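Read the structure below first, then the notes.
The values are calculated or read from the model by the stated rules, or taken from the named source; none is laboratory data. Values in this document were obtained by computation on a predicted structure and should not be read as measured data. Cβ atoms come from the backbone with ideal geometry, glycine included; neighbour counts cover every protein chain shown.
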Amino acid sequence: MKFRLATVAWSVIYLLLLLSLLTPLRIFTVFLLIVPGVVLFSSLPFKGFLIHVIPVLLIIALQDVYLLLPAIYFLIPALLMGRVYKKGASAFQALMTGTGVVLAELLVVLLIATYTFGFDLSQYLRDQAAISANLVQQILNGNAMLPGMNWTAEDTQRLGTMMIGKVPYVLILTSFLLAVITHALTRPALSSLDVPVRKMKPAREWRLPRALIWYYLLAIVFEWIAMSSDSSWVQAVSVSMLPLIHACFIIQTIGFIHFWTHSRNMRPVIAVLLSIVVLVFQPLRIIGIIDLAFPLREAITRSKK
């Protein structure tokens, strides 16, 4: 009975979170919307999951049919992350699955907006840069302490280019943040329901699949194709793929650093400091590429013997 009441409670929480999208609270609650779906899917058989979720979706549809769109949007990563937890896979795999699915959904939404509604992300960001430039110029003109300072057209162009260049990082960071929040809240919730969830592996055990090398080459080819394309969606996908794979290489590099310092019996703080260096000086991700392509860790282990 306790288990049943707990899952019903999570259904109510799911309903309240979806209804909160109609209020200003959506700025905060949107980051929690994946959690109930993951908890319900991981703790119930599929039929029981449907019994809990379908009434919620029906109530939402009666309240505002357009709320079904975000409900389904966040339900997809919930199902896939829940599947990872059900299989007993690692927490790292759950995080990567959640991040990848949310990022893919963001790109699909951008694709639909581009080809269905004629939305041009690059032009939109340039327009926003122009609006920001006008505000800055008004501030400069109205401030007697800043005589002779002007915001030029070149400054506006540079701002627009910078904003476009930051799009992939914003998409990746948003996706990763959603996955991290979901995992952080889901793990204790599932533990309270007696559903085992594996802890995050130590950093020294972080290893990504070797196939990432091929994805990297594919992303480079896709970037070449995007350079000759006028489609803002193709360009957005292109500029998102490489930073995402670069982030994976950075994770691999940090894992290798922790493995190496652990094998040399160094203090953990050294690994942390070196990891910060990798995050600041990102070309060091080449260490992660080499670690993926060649058996560096096995060589270090053999040399110790």
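Among the residues of the stretch 111-135, what is the count of those that are in a helix (DSSP H, G or I), within 25 Å of ARG158 (Cβ to Cβ) and in contact (Cβ under 8 Å) with a residue 60 or more places away in the chain? Of the residues in the stretch 111-135, 4 are in a helix (DSSP H, G or I), within 25 Å of ARG158 (Cβ to Cβ) and in contact (Cβ under 8 Å) with a residue 60 or more places away in the chain.
Would you mind stating whether SER238 is part of a loop (DSSP other than H, G, I, E, B), on the phi < 0 side of the Ramachandran plot and at pLDDT below 90? No. Of all the residues in the stretch 82-110, those that are in contact (Cβ under 8 Å) with a residue 60 or more places away in the chain, over 18 Å from THR174 (Cα atoms) and either of a type in the set (S, T, N, Q) or not in a helix (DSSP H, G or I) (or both) number 3.
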